[in-house]
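See structure below.
The values are calculated or read from the model by the stated rules, or taken from the named source; none is laboratory data. No experiment lies behind these values; they were computed from the predicted model shown. Counting neighbours? That spans all protein chains shown, and the Cβs are built from the backbone with ideal geometry, glycine included.
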Amino acid sequence: MWLRNREGTEPLSARSPVRARRILSVIALVVGVALAVFFVQRAMSTGADVWRWEAAIAGFVAVVAAADLLVLRHRR
């Protein structure tokens, strides 16, 4: 079995995914807010419903990213 070939230094060499998660959440927050603003502007200029849905989805992504950043800050 592959678990038997361990070196024994895993706790010393292990890396936490928190930094990568934080970076991805910041990117998702910035992109989500920017796209939500863009889609709202397009919805107001064209009046098409598809842009409203796109803005809602982008806003939801931004809210989830912000919530994830708050969770990461709380765990720190």
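Observations
- If you go through the range 23-76 and keep only what is out of contact with any helix residue (DSSP H, G or I) (no Cβ under 9 Å at 6 or more places or on another chain) and not in a helix (DSSP H, G or I), you end up with just G47.
- Pairs where the first residue, in the range 45-64, is under 19 Å from V33 (Cβ atoms) and of a type in the set (F, W, Y) and the second is modelled with pLDDT of 95 or more and surrounded by 12 or more Cβ atoms within 10 Å (Cβ to Cβ), C-beta under 7 Å, 6+ apart: W51/F39; W51/R42; W51/A43
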